[in-house]
Amino acid sequence: MSPSSATKTTGANPSPQEIVLAFNEMINSRNLEGLANMMTDDHTFIDSSDDVHVGKEMMVAGWKEFFESYPDYRNHFSYLETRDEWVYILGHSTCSYPPLDGPAIWTARIEAGLVAEWRVYLDTDENRRVLELPLDL
C-alpha cells in the first residue's frame, strides 16, 4: 500500500515527506552512511519510552547496534501528513522481535533538508489525539 499524503509539494528541493520517505528507506536498507548524510549534526532521536539520544555520531553508532541486533526490522508507512517542518506518520514496523513488531506513530522535524528529529510513539488513541492524527486509519 502506498502512503496517502495530506500535503505534497513538487520542485527541485525535496519536500519534507520525500525526505522522510528517503530517511526511512535508509533505515529499511540498514544504510548507515545514508542515514548519517540525512541527519543534522545535532540530530535527536526519541524512542517510544521517551528516551532522548542527541548527536549524529551517537545515533549512527546506535543505528549500527540496532541493525546488528534486529536485522529484519522494517518500517511501513500508510499515512503521512506535513505541517510546516514536521511530518507525522502512521504505519507499522515488522520485526521478528515481538516488541518491535506492530503499529507505530513517527514524527520527523526537517531542517534545511535534513532530519533534525526522529521520534517514535506507541500507536494509541491518546497519542493520535495529542498529535491531531486520524483515529479511523
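The values are calculated or read from the model by the stated rules, or taken from the named source; none is laboratory data. Since this is a predicted model, take the numbers as computed values, not measurements. All Cβ positions, glycine included, derive from the backbone under ideal geometry; neighbour counts span all protein chains shown.
Some notes on this structure:
- Qualifying residue in the range 106-114 (condition: in contact (Cβ under 8 Å) with a residue 12 or more places away in the chain, under 15 Å from Phe45 (Cβ atoms) and charged (D, E, K, R)): yes
- Candidates in the range 89-102 are the residues that are part of a strand (DSSP E or B), free of Cβ contacts under 8 Å to residues at least 60 places away in the same chain and in contact with a Phe, Trp or Tyr (Cβ under 8 Å, 6 or more places away or on another chain); of these, the one that is surrounded by the fewest Cβ atoms within 10 Å (Cβ to Cβ) is Thr94.
- Asp47 vs. criteria surrounded by 13 or more Cβ atoms within 10 Å (Cβ to Cβ) and of a type in the set (Asp, Glu): yes
- Failed item in (1) surrounded by fewer than 17 Cβ atoms within 10 Å (Cβ to Cβ); (2) in a strand (DSSP E or B), with Asn127 passing the rest: (2)
- Filtered by the rule that a residue be at pLDDT below 95 and of a type in the set (D, E, K, R), the range 109-137 gives a lone residue, Asp136.
- Matching residues, the range 103-124, being assigned to a loop (DSSP other than H, G, I, E, B) and within 9 Å of the chain's Cα centre (by Cα): none
- Long-range neighbours under 9 Å by Cβ, at least six apart or interchain, first residue under 22 Å from Val120 (Cα atoms) within the range 8-22, second at pLDDT 95 or above and part of a helix (DSSP H, G or I): Ile19/Met38; Ala22/Gly34; Ala22/Met38
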